[in-house]
Every structure is written in C-alpha cells, then in structure tokens.
Amino acid sequence: MTGSRLSSAIDGRIFVVGVPRSGTTLVQALLAAHGAVASFTESHLFDRHFVFLPGLGRPILTRDPGPRLREFLAENGEEAPAAAEEFAAAGGGLRGWRPLLPLRTGSVARRLLRVLDELTLRRGRAVWVEKTPRHLRYVPFLEGVAGPAGGARFVHVVREGLETVASLRAASRGWERPYDLAACVRRWNRDIAFSARRLASPSDHFVVYEELAARPEAVLRTLLGELGLVWEPEILERYPTASERLVTGQERGWKGDVGRAIRPAPSSSSTLSEEERRRATRSLRREPYERIRGRPRSPVEATPAPGKEAGVR
C-alpha cells in the first residue's frame, strides 16, 4: 500500500456510536467477540483533532493526532504498523505551515483509517470495530473519507432518555469535567436527534439497548446479519473476555459492569431524585427516540456469501 489508500483486504469498517452510557461498549464487546472481528479501546482519533467550525458543514484538521495515536497503540499493546510509521515520518501529516492543516484533512483521516486496517490484518481479522461515542457527529465525514467502496458502517446504540441521563450523570462524576443534569439532557437530545436523521441511510444500523437487554441473541443475530457477519453461538460466551481488552484502567471506574451478564440496567430512580427525574423528563425530546424504536425492521438471515471467509459475507 502506498499513499493514503485504504486496504482492499478489509471487509468491513464498523463504527459504534451513540450517547455515552447508552450501551455502546456492550455492543462493541459483543461484536468484538466475533471470530472475524478486531476491536480496540476508544480511539478518539477524530473527535479530538478534527473540529467543526461555524458555518462549515464538515470538520477540518486542527491538531496533530500523532500523540494520541501513540497512546492508542500502547493501550492496545501494539507496535506501530507501517501506516503509523508513514504517518510519523510525514510529521503526522502536519509538516509545513500550520494554517495549511485544514488542507490535509482528508489525507490525514485516511491515514488514520489505514492504521486500523493494518492492526486488524495483523490480528488475522478482516473486519474492525471502532467505538468512540463522540464520533457520532463525524458519521458523514467518516463515510466520505472511507469512500463508496470503503465498507464504512455505523451502528447507533440508543437507550431511553431518562435512564441514559441518570447513568451519564453518575458516570461523569469520575471524569475531569463532570456533567450536570442539564448537560446530560442536552447531550441526549442532540445525539438522539442526529441518529434519527440517519434512519434512511443504508450504511447505518440501530440497536435499542432495552431490546438488546431483553433479547440479546435475537437482536445480535439481526445486527450481525445486517453487517454481513455470520452468527456464531460462541459470541455470548466469548463476550466477557472480549470486553476486557476494550477498557483501559482509567475507564474501569465507570465501565466496570461491561462483561457481566446482559440484563436491564438499574432504574434511574437509584441515582436521580424525584425532582431531578421530573425536570429531566420535561426537557427530554422523545420523538426522535420513538422514531428509531418504531423503524421498519426485517430480520436478516446471516449466511455466508460465495468467496468469503466463514465469518464474513
């Protein structure tokens, strides 16, 4: 491979996105337990380095992703693949006069996708799953960077608003910048509306947390079929082990429940007062969430296509 072209040996590039605490790590871990899939810790390769400016419909590169890329490789116990070495040799794609960085937005983004491609091939897999909830806003950009033949797919995980707000507020208390109740509500309203706008896209797929918790095998079978992956009964057995590799030590405080038996999460009543529940309920915009829950669905039979490996079609 030369330049910033993506690898033709990769059969699927899957981004799991959604509101934090909506079940994105759970879905990532279930997909990572598939025999054809490689996955990693949250990369933050795009949300921290590509910024939306007022009046511009797409993000532009404003910061060098190199330092974060090195951290990401270390978190996953990986040495830099060729794409990362090329990236570093080119000054992270940022060599030159800093005001010209936006002109390198597309080439740097493709180089970052190539890093994920090469890590996946190194692990003997053909599909990768990247999960950074904030990449939700970058879905159109990532779709364009990968290109029509790039195999980019987006799995939106959605969860009922009040429960997500309660979980997000509780988890954020361990973050550098905790969310207050109003910030949690705004985040859910904004992100669920964005996901709903992608309902007509053939590249986007949707998992409702409540449905997954109630019927994990049925929901996962359907999702795998939509993604072109064959159902493997061992996935639910491998899931706890797969989840351990996706969570950093720093994240254990708020992701400690990942890998446990799949079941409905505790009610928001355990973390929010009645007054807080009433205030949040008044401000939550449920219409986009209800549209996603009511979307037309037809279960997809996951059968291998000729010429593909057993795990991918």
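The values are calculated or read from the model by the stated rules, or taken from the named source; none is laboratory data. The shown structure was predicted, so the numbers you read here are calculated from the model rather than taken from an experiment. Backbone-built Cβ (ideal geometry, glycine too); neighbour counts: all protein chains shown.
The set of residues in region 200-242 being touching an Asp or Glu at 6+ places or on another chain (Cβ under 8 Å), part of a helix (DSSP H, G or I) and closer than 16 Å to residue 159 by Cβ consists of 209, 210, 219.
Could you tell me whether residue 282 is assigned to a loop (DSSP other than H, G, I, E, B) and either at pLDDT below 85 or surrounded by fewer than 16 Cβ atoms within 10 Å (Cβ to Cβ) (or both)? Against the criterion (assigned to a loop (DSSP other than H, G, I, E, B) and either at pLDDT below 85 or surrounded by fewer than 16 Cβ atoms within 10 Å (Cβ to Cβ) (or both)), residue 282 does not qualify. Of all residues in region 96-116, those that are within 16 Å of residue 69 (Cβ to Cβ) have Cβ atoms under 8 Å from Cβ atoms of residues that are at pLDDT below 80 and among the acidic types (Asp, Glu), 6 or more apart or on another chain, in 111/86.
Selection within region 35-70: residues that are farther than 14 Å from residue 102 by Cβ and of a type in the set (Val, Ile, Thr). The member of this set that is surrounded by the fewest Cβ atoms within 10 Å (Cβ to Cβ) is 41. If the condition is being surrounded by 16 or more Cβ atoms within 10 Å (Cβ to Cβ) and touching a residue at least 24 places away in the same chain (Cβ under 8 Å), then region 173-202 contributes 181, 184, 185, 187, 188, 189, 191, 192, 194, 195, 196, 198. State whether the residues of region 126-143 include one that is part of a loop (DSSP other than H, G, I, E, B) and touching a His at 6+ places or on another chain (Cβ under 8 Å). Yes - at least one qualifying residue is present in region 126-143.
The set of residues in region 202-248 being closer than 17 Å to residue 37 by Cβ, out of contact with any Lys or Arg (no Cβ under 7 Å at 6 or more places or on another chain) and of a type in the set (Gly, Ala, Ser) consists of 225, 242, 243. Being farther than 29 Å from residue 270 by Cα and either buried (at least 24 other Cβ atoms within 10 Å of the Cβ) or hydrophobic (A, V, I, L, M, F, W, C) (or both) is the filter here, so list the residues in region 136-154 that pass it. The answer is 139, 141, 142, 145, 146, 149, 152, 154. Of all residues assigned to region 189-199, none qualifies as being in a loop (DSSP other than H, G, I, E, B), at pLDDT below 95 and farther than 17 Å from residue 27 by Cα.
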